[in-house]
1. Would you be able to say whether some residue in the range 353-368 is assigned to a strand (DSSP E or B) and within 19 Å of Glu441 (Cβ to Cβ)?
2. Please report, ordered by residue number, the helices (runs of 4 or more DSSP H) entirely within the range 212-325 with at least 1 residues that are closer than 24 Å to Gln350 by Cβ and modelled with pLDDT under 75.
3. Condition first: in a loop (DSSP other than H, G, I, E, B) and out of contact with any helix residue (DSSP H, G or I) (no Cβ under 6 Å at 6 or more places or on another chain). Now tell me which residues in the range 369-398 satisfy that.
4. Take the range 326-352 and flag every residue that is within 23 Å of Leu422 (Cβ to Cβ) and not in a loop (DSSP other than H, G, I, E, B).
5. If a residue must be on the phi < 0 side of the Ramachandran plot and over 38 Å from the mean Cα position of the chain (by Cα), how many such residues does the range 437-449 contain?
6. Which number in (1) without any contact (Cβ under 8 Å) to a residue 40 or more places away in the chain; (2) of a type in the set (Phe, Trp, Tyr); (3) farther than 23 Å from Gln14 by Cα marks the one condition that Tyr109 misses?
Amino acid sequence: MQNITTELIPAMRQSLEEALVDSAYLMAEMVKDEVKNNKLENGQFAKNINEFSHRRIEAKISSQTKQDTNTLIYITNDKGIVLYDSSGKNVGKDYSQWNDVYLTLKGKYGARTTRRDKNDPGSSVMYVAAPIKINHRIIGVLSVGKPSASVQPYFETAVNKIENKILLLLLVSLALVSLIVYWLTLSIRQLTLYAKDVQKNKKVAVPRLREKELAQLANAMEEMRNSLEGKNYIENYLHNLTHEIKSPLAAIQGAAELLHEDMPIESRQRFIKNIENESQRLQQIVEQLLKLASLEKRQQLDDIELIDTGEIIQRLCDDKYSILKQKKLQLDMPSLSGTKIQAERFLVQQLISNLLDNAIDFSPEGSDISITDKVENDHWILIIKDQGPGIPDYALPRIFDRFYSLARADSGKKSTGLGLSLVYEVIQLHHGDINIKNGNEGGTEIIIQLPRHQPIF
């Protein structure tokens, strides 16, 4: 703004000077005959200028109103002696040394700016002179002056307008810069949040960023994550799988060796049944591992749709009717909310089915299983309670570990230990939460929370 105002002052002076040049040369042509014939003092020019100086003006220029004339005019002879002065104060004075007169008499362009009061910069007057010529001979000089104060209001108005526009431009620029900074930091925040979620081993998809460099960084982080997870994944799986299949393989091998010996038919049937049971267990482990591996590899949901949770729970309970009847279990479902959520139907079915199976397995014969749901903070909450023995304190931290399983109270058998791991992966993919705890009056209470609307990345 300082640069603009610094350039504005000389620009306005140059504009004023240009107008004075035209006026000076025009009046020099009008007055040359009177100067030649020495009729200037009582001539028509002086009369016209006198009337002009007393004339009332009503001119609206921009936001300023001009009412009075403030043009100063004096005429000198070829010696620089003042022959006429519009103010009537300087006739007879020698102006031959003033720049406007001195240079004009020498055939050059003459102009000057002089302060009326040496201590007041606002009292300066700009004079522009024009030669009065007869047959190409200079016989005098006409100089037109204009006080700088006459154009000061226009200058101040222009400066105020410039200041306002620059202020507006500054505010707009700040707003645009703020938007750009927010846009850039938004991507950085998304990338930071993604890195923190990866650190917490959460199921999150790589954010889609518009900035090329940040997008490349996000993809590089995702590739590094997959590489590291892949290595650890294989090591953990091989270790857990090797440990888990030792028992059924040993049982199958032992039973097979014994079958080579002669034994009663009842014993032979028992060992054959043992081989079948252990083979089925191995098959269940393989099938559950394939499902779990497929889920753990995914970072986001694929087939999201609006599903009715009440309809899914009711259908799953109907499917398990025969098992419930066999154990004389009673399902207590006061009234399901029928909440609709965005989710993958198949995965939610697997999730609820595994939790129901778990509750059925650990429920004593003739007991009740309670199923309730509600909506809270835009989350669907499902609560499943059984009246089983509960979970030992030492087992609670490992409840979602692969292959970790507790013996059923009625049979003493263990499951594959992959069901709750699969449940945990489904919960993570849906950006939900699960809490398993022992009830105040015994049994186990499982609480899951799933958002009604899946976030968009």
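The values are calculated or read from the model by the stated rules, or taken from the named source; none is laboratory data. All figures in this text were calculated on a predicted structure; none of them were measured in a lab. Note that we place each Cβ from the backbone using ideal geometry, even for glycine, and neighbour counts take in every protein chain shown.
1. Here is the first cut: in the range 353-368, the ones assigned to a strand (DSSP E or B) are 368.
Right, trim to within 19 Å of Glu441 (Cβ to Cβ) and you get 368.
Yes, the conditions are met somewhere in the range 353-368.
2. 212-259, 265-297
3. Result: Asn377, Asp378, Gln387, Pro389, Gly390, Ile391, Pro392, Asp393, Tyr394, Ala395.
4. Leu331, Ile341, Gln342, Ala343, Arg345, Phe346, Leu347, Val348, Gln349, Gln350, Leu351, Ile352
5. Narrowing the range 437-449 to residues on the phi < 0 side of the Ramachandran plot: 437-441, 444-449.
From the residues that got through so far, the ones that are over 38 Å from the mean Cα position of the chain (by Cα) too are 437-441, 444-446.
The qualifying residues number 8.
6. Checking Tyr109 against (1) without any contact (Cβ under 8 Å) to a residue 40 or more places away in the chain; (2) of a type in the set (Phe, Trp, Tyr); (3) farther than 23 Å from Gln14 by Cα, the one that fails is (3).
To keep it simple, each residue is scored yes or no on (1) closer than 30 Å to Phe45 by Cβ; (2) outside the structural domain of Ser23 (by TED's automatic domain parsing); (3) surrounded by 15 or more Cβ atoms within 10 Å (Cβ to Cβ); (4) not aliphatic (A, V, I, L, M).
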{"site": "Gly110", "(1), (2), (3), (4)": "yes, no, yes, yes"}
{"site": "Gly122", "(1), (2), (3), (4)": "no, no, no, yes"}
{"site": "Val128", "(1), (2), (3), (4)": "yes, no, yes, no"}
{"site": "Ile134", "(1), (2), (3), (4)": "yes, no, no, no"}
{"site": "Leu167", "(1), (2), (3), (4)": "no, yes, no, no"}
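So that you can scan it fast, the table gives a plain yes or no per residue for (1) within 15 Å of Leu356 (Cα to Cα); (2) at pLDDT 85 or above; (3) crowded, with 17+ Cβ neighbours inside 10 Å:
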position: Ile369; (1), (2), (3): yes, yes, yes
position: Arg408; (1), (2), (3): yes, no, no
position: Gly419; (1), (2), (3): yes, no, yes
position: Val423; (1), (2), (3): yes, no, yes
position: Lys437; (1), (2), (3): no, yes, no
position: Glu441; (1), (2), (3): no, no, no
position: Thr444; (1), (2), (3): yes, yes, yes
position: Leu450; (1), (2), (3): no, yes, yes
position: Gln454; (1), (2), (3): no, no, yes
